[in-house]
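The values are calculated or read from the model by the stated rules, or taken from the named source; none is laboratory data. Keep in mind that what you see is a predicted model, and the values were worked out from it rather than measured. Ideal geometry is used to build each Cβ from the backbone, glycine not excepted, and the neighbour counts take in all protein chains shown.
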Amino acid sequence: MTHARRLLMSATTGVALLAALPASAQDFITVASTTSTENSGLFGHILPIFLAETGIEVRVVSQGTGQALETGRRGDADVVFVHARAQEEQFVADGYGVQRFDVMYNDFVIVGPGNDPADLRAAGSAAEAMAAIAGAGASFASRGDDSGTHVAEKALWAAAGIEPAGGWYLSTGSGMGATLNTAAQVPAYALTDRGTWLSFANRGPLEIVFEGDPVLFNPYGIILVNPERHPHVKAEQGRTFIDWIISDEGQAAIASFAVGGEQLFFPSAE
Amino acid sequence: MRAARDVSRSVLPLSLEGVGYAVGGKPLLSDITLRIEAGRRLIVMGANGAGKSLFLRLCHGLIDPTTGRRFWAGGEDRAEAQAMVFQRPVLLRRSVAANLNYPLVLKALPRAQRRETVARTLERFGLTPLADRPARLLSGGEQQRLALARAWAMRPEVLFLDEPSSALDPSATRIIEEMVEQFSAEGITIVMTTHNLGQARRLAEEVAVLHRGRLIEHRSAAEFFAGPCAPEARAFLAGDLVW
Amino acid sequence: MDGPFATALSLIASGDPGLMQIIGLSLRVTLTAVLIACAVGLPLGAALALARFPGRGAVIVLFNALMGLPPVVAGLVVYLLLSRSGPLGSLALLFTPTAMIIAQTLLILPIVVSLTRSVVEDLWAEYREQLRSLGAGRLRAVPTLLWDGRVSLLTGVLAGFGRASAEVGAVLIVGGNIAGHTRTMTTAITLETSRGNLGLAVALGIILMMLTLTLNAAAWGAGQWARGRLG
C-alpha cells in the first residue's frame with residue numbers, strides 16, 4: 001500500500017471515529033453538583049425517574065462545592081445543586097443564579113476509630129465533641145478544600161472557640177472519599193456527610209462516634225443559572241428539573257432513596 | 001543496451017575552473033581546474049584526507065565551490081542525469097525491488113514503466129531471486145551491487161563512485177568492477193575514487209591525483225602508470241606514505 | 001469478598017453494559033487523540049528535524065519539555081478555552097468526549113513530535129547525501145524518512161497512547177466524569193476510590209492494564225509481521 005493511501009485511510013478512520021461520537025440531539029441539561037452527592041448514589045436513583053417522566057436527560061458534573069459554583073458562574077452548567085447555603089445565597093445575590101430553593105437535607109456525622117481516644121461518645125454537643133478532639137490532640141482528617149463539608153467543619157471549630165492547628169490536624173485538600181481513606185489509615189476522626197459514609201466501603205477501624213446535634217444538619221439548595229447572564233443556558237428545561245425536584249414526586253423520589261435500608265436525604269422543599 | 005545518447009543534449013563535459021572549497025576559513029580543496037569528458041573512465045586517487053570524497057561530492061553537486069566555477073555542458077551549475085554510489089551502500093528499509101523503484105517514483109515515471117524498469121534491472125544484475133528480500137538483510141557485496149543497480153536504473157549520463165569496493169572482499173570487489181566496466185561500455189561516464197592501485201590500473205582510462213586538496217596530476221592512465229610527473233604522485237605510486 | 005483479579009475477570013465475563021460503555025469511551029477518546037496527534041505530529045516532527053531556522057533549538061527544547069506537561073494542567077488550559085466564559089465557549093464542547101479528545105491530543109502531541117524529530121534527524125544524517133543524489137530534497141524526503149523509521153516511530157506512538165490512556169487529570173476536568181457520557185476507565189477508578197470501593201477500583205485498574213497490554217501485544221505482532229515482509 002502506498003504511503004498516500006495509508007495516510008488517507010488513517011485520516012478517514014479518524015474522522016469516522018469522531019463522527020461516531022453521539023450527536024447531542026436529545027434533550028439534556030447539565031447540573032453542577034458535588035462529589036459527595038454523586039458518591040451517595042442519589043442521582044442514580046432519582047434521575048431515571050425524571051427522565052422517564054419528562055424525557056430530559058440530566059448530566060451531572062460532580063466537583064467540589066467551590067468548583068461547582070464556579071462552573072455555574074462560568075455558565076458551563078444550567079443548574080447548580082450544592083449544599084453550602086451561604087455561598088449559594090451569595091451566588092444568587094451576585095446575579096449568577098435566579099433563585100435558591102430548599103430541596104433536602106442530610107446530616108453530618110463524626111466518625112473515628114472504634115476505640116474513640118477522645119471519648120466523643122460521651123459528648124453532649126458537636127461543640128463539645130470538637131473540643132474533646134482538640135483537647136486530646138487526637139488526629140483529625142479535614143477536607144481542607146473549601147467544600148460544603150469543609151465550610152461546615154470550620155463553623156463547628158469556630159462555635160467551639162477553637163483554631164485547629166498542630167500535627168494532629170491533617171488537611172488533606174481532597175474529596176470526602178479520599179479524606180475518609182486517610183482517616184481510616186491514620187486512624188483519625190473526620191467529619192463526613194451520612195450519605196458518603198453509608199456507601200463508603202473502606203471503613204477500616206472507623207465508626208460513627210457522634211451524631212444528631214441539629215447544627216450538623218446539611219441543607220441542599222438548587223439554583224437555576226441566570227439566563228440573563230448566560231443566554232445559552234437551557235432555562236426552560238432547567239426550570240422543569242427544579243420544579244420537579246421540589247414537587248411532591250421529586251421529594252418522594254428523594255425520600256425513597258435508601259442505602260442499606262437507611263434513608264439518606266430528607267426532603268425539605270416548601 | 002541503451003540507445004546512444006543525443007550528444008548535442010548531453011550534460012557533459014563537466015568543467016571546474018579554479019575551484020576551491022573551504023570550511024570555516026580552512027581550505028580543503030584549492031585551485032582545481034579540470035574537464036570531465038563524456039564516455040571516459042576517470043579514476044581519482046590520493047592519500048586519505050587528500051580531498052577525494054569532497055572532490056566527488058563537489059562535482060556531483062552535493063556541495064558547492066566556495067571559490068571558482070563549476071559548470072556543465074549548457075553552462076548550468078547543476079545537472080540531472082547523474083547518480084552517485086557511496087562507500088557504504090545507503091539502502092532504505094524496504095525490499096530490494098522497492099529500493100530500485102524509489103528513484104523512479106521520484107522521477108514521476110508512470111507505474112507500468114516503473115514496474116518494467118525494476119524487472120529489467122533485477123534481471124540484468126542477477127537480483128531477481130532477491131527481489132522481495134529486505135535490502136538491509138543482504139550481504140555487503142549484494143547491497144553494493146544493489147546500490148549500483150539502482151544508480152543504473154536511473155539512466156545517468158555520469159556515475160560518481162566513492163571507493164565503492166573498499167569495504168568488500170575480493171570476489172565482491174570483482175563483481176563491482178565488472179559492473180563499472182559494463183556501465184562504461186554502455187556509454188556512462190565514470191568518475192571513481194579509490195585507494196586501491198590494482199583497481200586503478202584495471203579500470204582507469206584517465207587518472208587524477210589529489211594531494212592536500214590540490215590537483216597534482218591529471219593524465220591518461222597509460223602515461224600516468226608509465227611515470228607520473230609530480231613527486232608526490234610518484235611517491236604515492238611507490239606506496240610510500242604521503243601526507 | 002472476591003479479590004481484585006477475580007472481580008476483574010467476573011466483570012469482563014459478565015459483559016456488564018456499564019463497564020463496556022466505559023471501556024468503549026476510553027478507547028474511543030484515546031485512540032482518536034492518538035490518530036490526530038500522529039496526523040499532526042509525524043509531519044511536524046519530521047519538518048522540525050529537517051528544517052533550519054533561527055530558534056529551532058528553542059522549539060526542540062519546548063517540545064521536549066512539553067512531554068512532561070502535567071495532564072491536569074493540560075486539562076485546565078483546555079477547560080478555560082472551552083468554558084462558556086472562555087474564547088471557544090460558543091462551540092459548546094465542554095463536558096463532552098470531544099473536549100477529552102482535544103485535551104489528550106495536547107498531551108500526546110509533544111511525545112510524537114519529539115520522538116519523530118529525534119528519529120528523523122538521525123535518519124537524515126544517515127540518508128541525506130544518498131537521498132539528495134537520488135533526487136529527493138528535504139520536503140520530498142519527509143514521507144520516505146517517516147516510513148523508513150516506522151519501527152522506532154511506532155514505539156513513540158505507543159508511548160503516546162500509554163500516556164493518554166493512563167491519565168486522569170485532563171479527562172476529569174474537561175469531561176466532568178458524567179455517568180454514561182464522559183466517564184472513562186481512569187475517572188471511574190478515581191470515583192470508586194473516592195467511594196472507598198478499593199477492590200472494585202483495583203479490578204478496574206487491572207482491566208485497564210489488560211487492555212493496554214493487549215494493544216501493545218497487537219502492535220508488536222504487527223511490527224514483527226511487517227518486519228518479515230519488508231525488513
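Hey, could you check the range A:94-145 for residues that are aliphatic (A, V, I, L, M) and under 22 Å from the mean Cα position of the chain (by Cα) and say which is nearest to A:Ile223 (Cα to Cα)? Only one residue tops the list, namely A:Val98. Considering the range B:36-62, and only residues there that are buried (at least 17 other Cβ atoms within 10 Å of the Cβ) and more than 14 Å from the chain's Cα centre (by Cα), the residue that is farthest from the other protein chains (Cβ to nearest Cβ) turns out to be B:Ala47. Identification of helices (runs of 4 or more DSSP H) wholly contained in the range B:124-243 with 3 or more residues that are closer than 24 Å to B:Gly61 by Cα yields B:140-153, B:170-185.
Among residues of the range A:185-201 being among the aliphatic types (A, V, I, L, M) and more than 8 Å from every other protein chain (Cβ to nearest Cβ), the one that is surrounded by the fewest Cβ atoms within 10 Å (Cβ to Cβ) is A:Val186. Within the range C:106-138, the set of residues being more than 15 Å from C:Ala159 (Cβ to Cβ) and more than 12 Å from chain B (Cβ to nearest Cβ) comprises C:Leu106, C:Val120, C:Glu121, C:Asp122, C:Arg138. In the list A:Arg100, A:Arg121, A:Arg73, which residue meets the criterion of being surrounded by fewer than 24 Cβ atoms within 10 Å (Cβ to Cβ), out of contact with any helix residue (DSSP H, G or I) (no Cβ under 7 Å at 6 or more places or on another chain) and not assigned by TED's automatic domain parsing to the domain that holds A:Gln185? When all the criteria are applied, what remains is A:Arg73.
Only one of these is out of contact with any Pro (no Cβ under 7 Å at 6 or more places or on another chain), closer than 28 Å to C:Ser10 by Cβ, of a type in the set (Lys, Arg) and within 8 Å of another protein chain (Cβ to nearest Cβ): C:Arg195, C:Arg183. Name it.
Result: C:Arg195 is the single residue among C:Arg195, C:Arg183 that is out of contact with any Pro (no Cβ under 7 Å at 6 or more places or on another chain), closer than 28 Å to C:Ser10 by Cβ, of a type in the set (Lys, Arg) and within 8 Å of another protein chain (Cβ to nearest Cβ).
Anything in the range A:48-72 that is assigned to a helix (DSSP H, G or I) and farther than 18 Å from A:Glu236 by Cβ? List them, or say none.
Of the range A:48-72, the ones assigned to a helix (DSSP H, G or I) are A:48-54, A:65-72.
The answer is A:Pro48, A:Ile49, A:Ala52, A:Thr65, A:Gly66, A:Gln67, A:Ala68, A:Leu69, A:Glu70, A:Thr71.
Residues in the range B:111-136 that are among the aliphatic types (A, V, I, L, M) and within 14 Å of chain C (Cβ to nearest Cβ) were compared, and the one that is farthest from B:Ala172 (Cα to Cα) is B:Ala131. Only one entry in A:Arg85, A:Arg100 is out of contact with any Cys (no Cβ under 6 Å at 6 or more places or on another chain) and under 19 Å from A:Ala235 (Cα atoms), namely A:Arg100. Among the residues of the range C:144-154, those that are touching a residue at least 12 places away in the same chain (Cβ under 8 Å) and facing another protein chain (nearest Cβ under 10 Å) comprise C:Thr144, C:Leu145, C:Leu146, C:Asp148, C:Gly149, C:Arg150, C:Val151. Would the range B:20-31 turn up any residue that is within 12 Å of another protein chain (Cβ to nearest Cβ), surrounded by fewer than 18 Cβ atoms within 10 Å (Cβ to Cβ) and not in a strand (DSSP E or B)? So far as the range B:20-31 goes, no, none of its residues is within 12 Å of another protein chain (Cβ to nearest Cβ), surrounded by fewer than 18 Cβ atoms within 10 Å (Cβ to Cβ) and not in a strand (DSSP E or B).
Screening A:Val80, A:Val92 for residues that are buried (at least 20 other Cβ atoms within 10 Å of the Cβ), closer than 23 Å to A:Ser147 by Cα and at pLDDT 95 or above leaves exactly one candidate, A:Val80.
If you go through the range B:60-87 and keep only what is in a loop (DSSP other than H, G, I, E, B) and hydrophobic (A, V, I, L, M, F, W, C), you end up with B:Leu62, B:Ile63, B:Trp72, B:Ala73, B:Ala79, B:Ala81, B:Phe86.
Tell me the residue from B:Ala97, B:Ala73, B:Ala108 that is surrounded by 17 or more Cβ atoms within 10 Å (Cβ to Cβ), free of Cβ contacts under 8 Å to residues at least 40 places away in the same chain, more than 7 Å from chain C (Cβ to nearest Cβ) and aliphatic (A, V, I, L, M), please.
B:Ala97
Within the group B:Thr193, B:Thr173, which residue is touching a strand residue (DSSP E or B) at 6+ places or on another chain (Cβ under 9 Å) and among the polar types (S, T, N, Q)? Don't jump to the end; show me each part of the working.
Numbers: B:Thr173 fails: touching a strand residue (DSSP E or B) at 6+ places or on another chain (Cβ under 9 Å).
So the residue among B:Thr193, B:Thr173 that is touching a strand residue (DSSP E or B) at 6+ places or on another chain (Cβ under 9 Å) and among the polar types (S, T, N, Q) is B:Thr193.
Within the range C:98-150, the only residue that satisfies the criterion of being touching a helix residue (DSSP H, G or I) at 6+ places or on another chain (Cβ under 7 Å), of a type in the set (Asp, Glu) and within 23 Å of C:Leu66 (Cβ to Cβ) is C:Glu121. Scanning the range A:136-171 for residues that are surrounded by fewer than 19 Cβ atoms within 10 Å (Cβ to Cβ) and under 22 Å from C:Leu172 (Cβ atoms) yields A:Gly144, A:Asp146, A:Ser171. Output the residues belonging to the range A:204-227 that are within 14 Å of chain C (Cβ to nearest Cβ), surrounded by fewer than 17 Cβ atoms within 10 Å (Cβ to Cβ) and touching a helix residue (DSSP H, G or I) at 6+ places or on another chain (Cβ under 6 Å). Result: A:Gly204, single match.
Looking at the range C:1-107, the helices (runs of 4 or more DSSP H) lying wholly inside it that each contain 3 or more residues that are at pLDDT 95 or above sit at C:17-50, C:56-66, C:71-82.
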